[in-house]
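**Q** Provided herewith is a single structure, encoded as structure tokens, for subsequent inquiry.
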Amino acid sequence: MNGDHRGIDTAPSFPGIAARAAETDATGRIPLQNWKELTDSGYLRLFHSPDIGGTGADGPTQAAAMEALARACAGTFWAATVSALLCAKLISTYGDTREHARLLRPLLSGERLATFAVVEKTAGSDSGTFRTTVRPAGPAGSDFVITGEKSRIANSPAADLAVVLARREKLPGDDGPDWCLAFVDLRQPRVQRYAIPHMGLRGMSWGGIVFDDAHVAAADVVPVPIEELAEGMAWGWLFIAFAAIGIAESALAASVRHARQRVSFGRPLAHMEGVQAQLAESHAQIDAARLLAHRVTCERAAGRSARDLIGMLKIYATEMAVGVAARAVQIHGAAGVTSGHEVERLYRDAQMNVIGGFASNRLREQVAEGLGLGPAVYRAFDWVTPSGLGRDPVGLDGLVHAAGDGA
Amino acid sequence: MLSHTLANGAADADGGGLSLVEWARELAGRVVRPTAAERDRDRRWDQGIFAELSGARSGPGLAGPLVPRALGGGGLSATRTCALLEGLGDGGRDPGLALAVGVHAVLATVLLRAFGNPRQQRRYLPRMASGEWVGAVSLRQTQGAAHASTVTARPAAAGLGGWVLSGELDLVAGAPVAHHFLVIAAHDDGSRTAFVVDRTTPGLLINDVGPVAMRTCPWGQVMLDGCVVPEDAVLSTVGGAADEVEPLLAALDWVFLSAPWLGVMRALTRDAIADAREHHLFGRPVVHAQSARFTLADQAAQCELASGLLYRAAGQFDGGGRPSREDAAAARLFVAAAARAVTEGAARLPGALGTTGDHLIERAHRDALFFAETGGGTEVLRPVIAASLLGIG
């Protein structure tokens, strides 16, 4: 690749983390050196204002840093960014920055890791099915306990702290929101955790948490109307889009490298127009996603919502990266489907972003609503037969054949 | 938030206050849109509309936005010019007319601005900027020598000076109404030179032939039958087109002729949203159908994605640096695909193909196919991008 190639080779890099990416994937854990490199780089503090221990980086810096880390190792990027960006934003947005400074400080210093526990085993993003509940441990004014199970959650087996979406058991006269965010210390006996093997992002731990009347301090239960949560969750859509873009960039860079080196039918692959066409399409699509990602990061850093744009970005970038990774595997041929090869890992990693933090079609619904189309409407599927389209037609001779059978 | 970004992407990109996109959209909605379908049916160019766009009183004329103010132009940045053209496409709903405007206002004027000598600039640019003189360019000649040259240049008879141009050019946008033509001609040694050839040059003939698409653009075929042109018709250096005029002409086509399509995509998306609210299928509103909602969500996203690539590429013409051919080509590659995707998505929505209205979907469907093949199409754009990525080619 050309040395002056904008946006791909000039961004800040995490060389150690990148060098260990294959090992991180193979062992299924993030090496300690990665955390040290992350802490030393200042990455974990970039997204937050100085009053809570951040460095208040501007939009372009935040975007470049996310892109660079995602490019180095998508699993490490996810684990670090779920904690230091998404969870810390949820705590600082919906919580109290003074009261919860004790939770934020260790997340931004890298001493602690957080997880955002939303989905349960029943149905992914349908909050109506969620059962996890917070209730008072004793008489009014005392602490709370939380009960329920969250599953298929990023960082959950390894995390120290969980930001949990839970129902509130309300006492008579409480007309507050039905939902809350509970900031739960996971290092306590009444919390059990389990890991689930997963397709990609294997360095990041992934699994479930079982709360069995686990303790939550009163100050750490924050009632939130559920419709307001999308604003905070959009931080998740944003970083996942960057994960996709980083993966796609890595896949394209590997493809370019391979195309220039691999000789087939007496010439490097790079001279084959079919390969060139794949590279060019990938490049244009990555740039389209990157430019929108940087634009919305700047919007967000400037304090604007940009939620619908982030939704569009997450849909496009994650599905785009799956396509780019698939092309990369094809360009690499048999090497690309060999376990342990970079593009094999990227291909597995890419798919995780489409599903994680709101699957594409769930987000399309939200974007459609933002276009003024109203909320999603469910009606039982019952309109084809009444329309006369629910049965097979008679043959060319009408009912003659059927009559003949009867004779 | 969304309506803001759908309409005002360029204002953000430019950091400007009042959105030029909005301004041009309103102007084109008033001047171009009412007759777009009718002119399309009749394959008609309306010089009065061009004059009205050129002399717009409340803002920059659309004929010479990139011509410096000292030469009578709008003195706009490339970014703001891109916004003008986006607004023209959006409000005018006439891809053919927007193409003709773009070819004149960007391709024809910028080449004289960039490569014309002071005499040429003084002669042509003020009258081009006012809309009095139209400059025409063949879309066959905007991709360097990807297509074999169809015009030759030989020195005129000894002692006379000047050059003799012979050959023919088709797909000349603006030909029937042009005052002059940009012609790139090949010499016997294979090198190429750009010329500015006046319409009155003896031996120059214009045939009334054009493509099926973009019917509101005035098309023609230009025949050069031993046309003798003076030395002063040479744009920049003799034999220098491959290093000078051709790369700029290609990048201008890829970026600025794409800009009206961003506007057309936004218009189609807005229409589709409004239509989906009105129509019913299987007894329920189309806006309740998930597939329609997903189509609309993806259309809106395609507009934003295309906008980012387009304004990045346009912005590279501002600030004095060298624009990236790779970014210009990527913008065209993406916008052309997005224009087709948005048009197809819009056409699939129930009730889209009505018998009333201005038939933008049908016209855009036909024109987007043509647009996707101009600027070289994927067969030129992808190798340009790949060459840059691979460091070969």
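Values in this text are rule-based calculations from the coordinates and carry no lab data. Worth saying up front: this structure is predicted, and the values here are computed from it rather than measured. Quick reminder, even Gly has a Cβ in these numbers, built from the backbone with ideal geometry, and neighbours come from all protein chains shown.
**Q** Could you let me know the centre-to-centre spacing of region A:284-363 and region B:331-393, using Cα atoms, in angstrom?
**A** Here the answer is 23 Å between Cα centres.
**Q** Roughly how many debye, to the nearest 20, is the charge dipole of the protein assembly as shown about its Cα centre, given +1 on each Lys and Arg Cβ, -1 on each Asp and Glu Cβ, and no other charges?
**A** 740
**Q** Averaged over B:287-299, how many beta carbons belonging to a partner chain fall within 10 Å of each residue's beta carbon?
**A** Working: counts 7, 7, 2, 7, 0, 2, 12, 8, 2, 6, 16, 8, 1.
So the per-residue partner count for this stretch is 6.
**Q** Of the trypsin sites (Lys or Arg not before Pro) in region A:249-350, which ones lie in a loop per DSSP and count no more than 14 other C-beta atoms within 10 Å?
**A** In loop regions of region A:249-350 (DSSP not H, G, I, E or B), the sparsely surrounded trypsin sites (Lys or Arg not before Pro) are A:ARG304.
**Q** How much of the DSSP beta bridge set in chain A is antiparallel, as a percent to the nearest 5? Walk me through the numbers before you get to the answer.
**A** Values: 31 of 37 bridges.
Bridges in chain A are about 85 percent antiparallel.
**Q** Rounded to the nearest 500, what is the 222 nm mean residue ellipticity of the protein assembly as shown from helices alone, with -39500 (n - 2.57) per DSSP H run of 4+ residues and division by all residues? Could you put the intermediate results ahead of the total?
**A** Values: 27 runs with 369 residues, N = 800.
About -15000 deg cm²/dmol.
**Q** In debye, nearest 20, what is the charge dipole magnitude of region A:114-225 about its Cα centre with +1 on Lys and Arg Cβ and -1 on Asp and Glu Cβ, if you could check? The partial results should precede the final answer.
**A** Working: 12 positive and 13 negative charges, 84 e Å.
Magnitude of the dipole: close to 400 debye.
**Q** Suppose we keep just the DSSP beta bridges with both residues in the protein assembly as shown; what percent of those would be antiparallel, to 5?
**A** Numbers: 61 of 71 bridges.
That works out to approximately 85 percent antiparallel.
**Q** Right, something else. Return the lysines within reach of A:LYS36: Cα separation strictly under 23 angstrom, same-chain partners fewer than 8 residues apart disregarded; answer none if there are no such residues.
**A** Straight-distance partners of A:LYS36: A:LYS89.
**Q** List the lysines whose alpha-carbon lies under 22 Å from that of A:LYS121, not counting same-chain residues fewer than 8 positions away?
**A** Hits, sequence-local ones excluded: A:LYS150.
**Q** What is the log10 of I(q)/I(0) for region A:228-373, computed with the Debye formula using one identical point scatterer on each Cα and no solvent, at q = 0.11 Å⁻¹?
**A** -0.45
**Q** Where does each of A:SER205, A:SER127, B:SER291 land when they are ranked from fewest to most other beta-carbon atoms within 10 angstrom? Please list the in-between numbers first.
**A** Values: A:SER205 24, A:SER127 16, B:SER291 10.
Starting with the residue having the fewest Cβ neighbours, the order is B:SER291, A:SER127, A:SER205.
**Q** Positive end of the charge dipole of the protein assembly as shown (Lys, Arg +1 and Asp, Glu -1 on Cβ, about the Cα centre): tell me which of B:HIS365, A:GLN278, B:PRO350 has its Cα farthest that way.
**A** With unit charges placed on the Cβ atoms, the residue in question is A:GLN278.
**Q** Only four residue types carry charge here, +1 at the Cβ of Lys and Arg and -1 at the Cβ of Asp and Glu. Report the dipole size of region A:15-109 about the Cα centre in Debye, rounded to the nearest 20.
**A** In debye, rounded to 20, region A:15-109 gives about 180.
**Q** Answer with one residue from B:LEU107, B:PRO118, B:VAL21: the one whose Cα lies farthest towards the positive end of the charge dipole of region B:2-129, charges on Cβ with Lys, Arg +1 and Asp, Glu -1.
**A** B:PRO118
**Q** Okay, next question. Rule-of-thumb check for chain A: C-alpha Rg over 2.2 N^0.38 Å?
**A** Scaled against compact globular proteins, the figure is 1.14.
**Q** With unit charges on the beta carbon (Lys/Arg positive, Asp/Glu negative), name the residue among B:GLY92, B:GLY161, B:PRO285 whose Cα is farthest towards the positive pole of the charge dipole of the protein assembly as shown.
**A** B:GLY161
**Q** Something else now. Provide the per-residue ³J(HN,Hα) series for region A:181-192, in order, calculated from phi with Karplus coefficients 6.51, -1.76, 1.60 and θ = phi - 60°, each as a whole number of Hz, with x at glycine and proline positions.
**A** Coupling constants for region A:181-192: 9, 10, 8, 10, 6, 7, 8, 9, x, 8, 10, 10 Hz.
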